[in-house]
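Asker: First the structure, which I've put down as structure tokens, then a few questions once you've had a look.
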Amino acid sequence: SDLDDFLLKLPKIELHLHIEGTLEPELRFRLAERNNIELPYSSAAELRASYDFDDLPSFLTGYYDGMRVLRTEQDFYDLAWAYFEKAAGQNVRYTEIFFDPQAHTGRGVAFDTVIRGLRRAQLDGRRLLHLHVQLIMCFLRDYQPEFAMATLLESLPYREWIVGVGLDSDERGNPPRKFAEVFHRAREEGYLLTMHCDVDQENTTEHIRQCLHEIEVDRIDHGVNILTDPELLAEARRRRIGLTACPISNGWVSDGLKAPEIKRLLDAGLKVTVNSDDPAYFGGYVSENLAAVQRALELTRHDLVRLQRNAVESCWAPPAVKDRIS
Ligand code: HPA
Ligand code: ZN
């Protein structure tokens, strides 16, 4: 349709994407072969067919298992490059990608290996695809804050390559407050701050409250449950806090896409955006996520443009880059 065509051509921004979550089964097989790692599946198709997540923990198990094939700098380059080509093909002009260093250093891959591979892909993406990429380092909230602090310190020699820090992984029993000291230090080092408040998780509203009032984040990842609390909603609007919704991801780990909630946030003047989270696992890059919300809600062109404008406003690009992508 006309609208599908409009959507395809729309210049896009992606602000919630885990680079390890872009590992497609075909690349996973290729890297496994290159690194002499045996996979318990006979083909990429069989691996893809095995994906069956019904909540965040069940997804995370598959996600961490998948990344065992990532070992060398070239592996991280190839992972990022495959995503950049895909994104450029969907007319994404700017993307902020999360990476999970602890998921690699915890199994013996050096921080330096991870970041150099991503950095080299980032530079090539800008040069060859005209795709502007920034890196956000996430801490795994199901580990102790001491491990996060050690990772923060380990990142400091690469400070100029990383725009901000986030918090992901299993939310249950791991509130933002657990990482208050780490995020305070990150802010002092000049990093911008975001944290996941995944949809429909335990204590999600309290986690959003801690993000806004204790950690004082610059953005919240997901955060859709803020609709249930008028005070928090008003505060996020007043501070123009970006909310990075991920509808297809929500469809796997909660009871639906949360499309009506996204529309309500948009209409309430919140800086909500639409993103893909872990596209290789959930089966949809940014265009498919926008299309899914559009179909569920009959969004107009105007709504789609508003979503993209929200992304420009809440992204962490330098002003000159913001001008170019808006
Ligand atoms: N939620 C929390 N942690 C994650 C996710 C997610 O969707 N993807 C990768 N780590
Ligand atoms: Zn996420």
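The values are calculated or read from the model by the stated rules, or taken from the named source; none is laboratory data. This one's a predicted model, so the numbers in the text were calculated from it and none came from an experiment. Note: ideal-geometry Cβ built from the backbone for every residue, glycine included; neighbour counts use all protein chains shown.
Asker: List, please: which pairs have Cβ atoms under 7 Å, are six or more places apart or on different chains, and start with a residue in region 253-279 that is farther than 14 Å from His222 by Cα and end with one that is polar (S, T, N, Q)?
Answerer: Filtered contacts from region 253-279: Pro279/Thr22.
Asker: I've got another one for you. Given the options Thr105, Thr95, name the one that is polar (S, T, N, Q), crowded, with 21+ Cβ neighbours inside 10 Å and either touching a helix residue (DSSP H, G or I) at 6+ places or on another chain (Cβ under 7 Å) or modelled with pLDDT of 95 or more (or both). Walk me through it before giving the result.
Answerer: Numbers: Thr105 fails: crowded, with 21+ Cβ neighbours inside 10 Å.
After ruling out the rest, the residue left standing is Thr95.
Asker: Ok, one more. If we keep just the residues of region 263-281 that are within 16 Å of ligand 1 (Cβ to nearest atom) and out of contact with any Phe, Trp or Tyr (no Cβ under 8 Å at 6 or more places or on another chain), which is farthest from Leu243 (Cα to Cα)?
Answerer: The residue in question is Ala280.
Asker: Check off (1) at pLDDT 95 or above; (2) under 19 Å from the mean Cα position of the chain (by Cα); (3) not acidic (Asp, Glu) for Asn35 and give me the number that stays unchecked.
Answerer: (2)
Asker: Sticking with this one: Here are some residues: Phe76, Phe53. Which one is modelled with pLDDT under 95 and either closer than 16 Å to Arg107 by Cα or within 16 Å of ligand 2 (Cβ to nearest atom) (or both)? If you could, list the steps in order and put the result at the bottom.
Answerer: Details: Phe76 fails: modelled with pLDDT under 95.
Answer to the selection: Phe53.
Asker: Got a sec? Which of Asp168, Asp198 is in contact (Cβ under 8 Å) with a residue 24 or more places away in the chain and closer than 16 Å to Glu96 by Cβ? Talk me through it step by step, then tell me what you get.
Answerer: Working: Asp198 fails: closer than 16 Å to Glu96 by Cβ.
Every option except Asp168 fails the conditions.
Asker: Then there is this: Considering only region 11-19, I want to know if a residue exists there that is in contact (Cβ under 8 Å) with a residue 60 or more places away in the chain, within 28 Å of Asp255 (Cα to Cα) and in a helix (DSSP H, G or I). Write out each step before concluding.
Answerer: Taking region 11-19 as the starting set, the residues that turn out to be in contact (Cβ under 8 Å) with a residue 60 or more places away in the chain are 11-19.
Remaining after also requiring within 28 Å of Asp255 (Cα to Cα): 12-19.
If we keep only those that are in a helix (DSSP H, G or I) too, we end up with 19.
Yes, some residue in region 11-19 is in contact (Cβ under 8 Å) with a residue 60 or more places away in the chain, within 28 Å of Asp255 (Cα to Cα) and in a helix (DSSP H, G or I).
A quick yes/no check of all residues on (1) more than 23 Å from Asp198 (Cα to Cα); (2) of a type in the set (D, E, K, R); (3) surrounded by 14 or more Cβ atoms within 10 Å (Cβ to Cβ); (4) away from ligand 1 (no atom under 15 Å from the Cβ):
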{"residue": "Ala44", "(1), (2), (3), (4)": "yes, no, yes, yes"}
{"residue": "Ala49", "(1), (2), (3), (4)": "yes, no, no, yes"}
{"residue": "Asp65", "(1), (2), (3), (4)": "no, yes, no, no"}
{"residue": "Val69", "(1), (2), (3), (4)": "yes, no, yes, yes"}
{"residue": "Asp78", "(1), (2), (3), (4)": "yes, yes, yes, yes"}
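Asker: Now a separate question. For residues in region 42-88 being touching a residue at least 24 places away in the same chain (Cβ under 8 Å) and assigned to a loop (DSSP other than H, G, I, E, B), which is nearest to Pro25 (Cα to Cα)?
Answerer: The selected residue is Tyr51.
Asker: When the residues of region 1-27 are filtered to those that are more than 14 Å from ligand 2 (Cβ to nearest atom) and buried (at least 16 other Cβ atoms within 10 Å of the Cβ), which remaining residue is modelled with the lowest pLDDT?
Answerer: Of the residues in region 1-27, the ones more than 14 Å from ligand 2 (Cβ to nearest atom) are 1-13, 23-27.
Filter once more, keeping what is buried (at least 16 other Cβ atoms within 10 Å of the Cβ): 7, 10, 12-13, 23-25, 27.
On the way: Leu7: 89, Leu10: 93, Lys12: 97, Ile13: 98, Leu23: 98, Glu24: 98, Pro25: 98, Leu27: 98.
Checking each candidate, the answer is Leu7.
Asker: Here's a follow-up. May I ask you to list the residues in region 146-161 that are surrounded by 17 or more Cβ atoms within 10 Å (Cβ to Cβ) and either at positive phi or free of Cβ contacts under 8 Å to residues at least 40 places away in the same chain (or both)?
Answerer: Listed by number, the list holds a single entry, Leu152.
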